[in-house]
Amino acid sequence: MNLFDPAGFNRLAKEMQQRIAQSDKYEHFRKNGGSTGTFATDKAGFLAIRNFQQTGGFEGIDNFNPKNVAPQFYLSNKPCFKCPIGCGKKFEVKEGPFAGEWGNKIEEGAFTPLGPVCGNDNIGSIFRMNNIGNQLGLDHIECASGMAVVMEWYEKGIVTEKDLDGIKLTWGNHEAMAQMMEKIAFRQGIGDILAEGIVKASKQFGKEAEKCVSHSKGMVMAGVDARIMKGTSLGFATSTRGACHLTALVPVEFPAFPVMTKEEAEAQFGTAEVMDPSSYKKASPLVYYQHKSLMCDLFQVCKFLLGLGTGTKDFSFEHLYDLFHLATGVKANEKEMLTVAERVHNVERAYSCREGLERKDDRLVGKWADEPVPNGPHKGERIDPQKWEQMLDEYYQIRGWNQNGIPTKEKLTTLGLDDVALSLEESEVY
């Protein structure tokens, strides 16, 4: 591919690399890596622990303090290609039963699920299980979330040690977790059932077992208690592929992590109420952040690099638009780029609707929808069914979808997606 302005593109790309590398905005990731998120979300009071039985206040959280983890385990940075930050780390466990365990990458997506989600505070075991998952092709979030559910089943007597092939899958039992990961990967015994995913597996153990599973559209999520943050809850529910944290987060509502001032929130969304986690005025910011997240995917840049879709002064979306112009010769402003992301989101949604998805699927299923937050500063917070439906109505209205959550013909035509509208029409979705 020939760049429109090769010299200009290379100059700006190099400048951005240098600015990011020198920015203190990324120091905590650069030095401390993945356990930073686990530690911070617990201190902020929205870390979901032991399959949502506890929110924040994890007893072993000090073991996840990045100031302890980094010097004890990290050898050097292991950045993704050309990344100037390097939050991924080369690591080695030097002491204890896991001494000699080493690897090239570990993320928050290993620390949180394999740690507090399962009641496990043994950091060495997490490095070990991180390697097991990578070597056997297991998704750490899905696998660990499933094991946490099974731990609750075991605790409640829904399953027995015999059901689990003699494995005592109790909270924090990292040896049992490692055993179960291998059984799942090789589809041995109970592992053959769990390998289908915990949503499907739960149906074999009855209604009480199903109540322990929190998901949306079949995708489980653990680590963040979305009951506290109504916009993020709506994001998990309306994501085109289920409870996906990479598209669902609404950073403006995150407690203890300010990304905007009240004045900026009012200018962007019309009200500062969006900064209140418990407020249901979240349809507008969710649409905005869904498009911002998609923008990161379209440009193939890390969401952490751009503040989970918010951007920073050191590397903003405006810089991306400038790089796009230098690469293609096409100038586009923020509004035009957001429209590109909106077009992609509507194509994804229309495809799902053609295959049968509708309003009834835009919901949270399980305890994070049915039960209140059990403890901590947000104790008692829950999803109000009536307010939820009103928020969903507003979301559909902003999106230009009908009350069943299907993109209207008018909306698709406005976005230049006439062929997509025709496909829905021919499939009798309308």
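Yes or no, residue by residue, for (1) more than 19 Å from GLU253 (Cα to Cα); (2) at pLDDT 95 or above; (3) in contact with a Gly (Cβ under 6 Å, 6 or more places away or on another chain):
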| position | (1), (2), (3) |
| --- | --- |
| ARG354 | yes, yes, no |
| ASP361 | yes, yes, no |
| GLY376 | no, no, yes |
| ILE383 | no, yes, no |
| GLN390 | no, yes, no |
| GLN397 | yes, yes, no |
| GLN403 | yes, yes, no |
Does any residue of the stretch 73-89 turn out to be aliphatic (A, V, I, L, M), closer than 30 Å to LYS230 by Cα and in contact with a Phe, Trp or Tyr (Cβ under 6 Å, 6 or more places away or on another chain)? no
Name the residues in the stretch 78-94 that are more than 15 Å from PHE315 (Cβ to Cβ), over 22 Å from the mean Cα position of the chain (by Cα) and surrounded by fewer than 18 Cβ atoms within 10 Å (Cβ to Cβ), would you? LYS90, GLU92, LYS94
Is there a residue being farther than 26 Å from GLY376 by Cβ, in the same structural domain as TYR154 (by TED's automatic domain parsing) and in contact with a helix residue (DSSP H, G or I) (Cβ under 9 Å, 6 or more places away or on another chain) anywhere in the stretch 37-60? no
Quickly run through the stretch 369-412 and pick out the residues that are surrounded by 14 or more Cβ atoms within 10 Å (Cβ to Cβ) and among the β-branched types (Val, Ile, Thr). VAL373, ILE383, ILE406, THR408
Look at GLY115 and say whether it is farther than 19 Å from LYS78 by Cα and under 23 Å from the mean Cα position of the chain (by Cα). yes
ALA341 is checked against (1) surrounded by fewer than 15 Cβ atoms within 10 Å (Cβ to Cβ); (2) at pLDDT 95 or above and fails just one. What number does that condition carry? (1)
Of a type in the set (D, E, K, R), in contact with a helix residue (DSSP H, G or I) (Cβ under 8 Å, 6 or more places away or on another chain) and within 23 Å of PRO258 (Cα to Cα) - does that describe any residue in the stretch 72-92? no
Among the numbered criteria (1) crowded, with 18+ Cβ neighbours inside 10 Å; (2) more than 30 Å from SER202 (Cβ to Cβ); (3) of a type outside the set (Gly, Ala, Ser), which single criterion is violated by ILE141? (2)
Just for the stretch 23-44: of the residues that are outside any helix (DSSP H, G or I) and of a type outside the set (S, T, N, Q), which one is modelled with the highest pLDDT? GLY33
With the requirement that a residue be hydrophobic (A, V, I, L, M, F, W, C) and touching a Pro at 6+ places or on another chain (Cβ under 8 Å), what does the stretch 311-352 give you? ALA350
Is the stretch 198-213 home to any residue that is surrounded by fewer than 17 Cβ atoms within 10 Å (Cβ to Cβ), of a type in the set (Gly, Ala, Ser) and out of contact with any Lys or Arg (no Cβ under 7 Å at 6 or more places or on another chain)? yes
Would you pick out the residues in the stretch 162-193 that are of a type in the set (Asp, Glu) and over 23 Å from ASP121 (Cβ atoms)? ASP163, ASP165, ASP192
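Quick grid of which residues meet (1) buried (at least 18 other Cβ atoms within 10 Å of the Cβ); (2) hydroxyl-bearing (Ser, Thr, Tyr); (3) touching a residue at least 40 places away in the same chain (Cβ under 8 Å):
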{"residue": "TYR26", "(1), (2), (3)": "yes, yes, yes"}
{"residue": "GLY34", "(1), (2), (3)": "yes, no, yes"}
{"residue": "THR38", "(1), (2), (3)": "yes, yes, yes"}
{"residue": "ASN51", "(1), (2), (3)": "yes, no, yes"}
{"residue": "GLY57", "(1), (2), (3)": "no, no, yes"}
{"residue": "GLY60", "(1), (2), (3)": "no, no, yes"}
{"residue": "PHE64", "(1), (2), (3)": "yes, no, yes"}
{"residue": "ALA70", "(1), (2), (3)": "no, no, no"}
Collect the residues in the stretch 245-259 that are in contact with a strand residue (DSSP E or B) (Cβ under 7 Å, 6 or more places away or on another chain) and at pLDDT 90 or above, keeping them in residue-number order. none
Within the stretch 363-395, residues touching a residue at least 24 places away in the same chain (Cβ under 8 Å) and assigned to a helix (DSSP H, G or I) come out as LYS367, TRP368, ALA369, ASP370, LYS387, TRP388, GLN390, MET391, LEU392, GLU394, TYR395
Within the bounds of the stretch 289-308, is there any residue that is touching a helix residue (DSSP H, G or I) at 6+ places or on another chain (Cβ under 6 Å) and on the phi > 0 side of the Ramachandran plot? yes
Complete set of residues in the stretch 156-170 that are surrounded by fewer than 17 Cβ atoms within 10 Å (Cβ to Cβ) and closer than 22 Å to ILE49 by Cβ: LYS156, GLY157, LYS168, THR170
Do we have any residue at all in the stretch 306-325 that's surrounded by 19 or more Cβ atoms within 10 Å (Cβ to Cβ), aliphatic (A, V, I, L, M) and within 20 Å of PHE4 (Cα to Cα)? yes
Of the conditions (1) among the β-branched types (Val, Ile, Thr); (2) part of a loop (DSSP other than H, G, I, E, B); (3) without any contact (Cβ under 8 Å) to a residue 24 or more places away in the chain, the single one that THR413 does not satisfy is (2)
Please go through the stretch 279-308 and pick out each residue that is under 24 Å from ASP384 (Cα atoms), within 19 Å of the chain's Cα centre (by Cα) and small (Gly, Ala, Ser). ALA283
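The values are calculated or read from the model by the stated rules, or taken from the named source; none is laboratory data. What you see is a predicted model; the values in this text were computed from it and never measured. Glycine also receives a Cβ, built like all others from the backbone with ideal geometry; neighbour counts cover every protein chain displayed.
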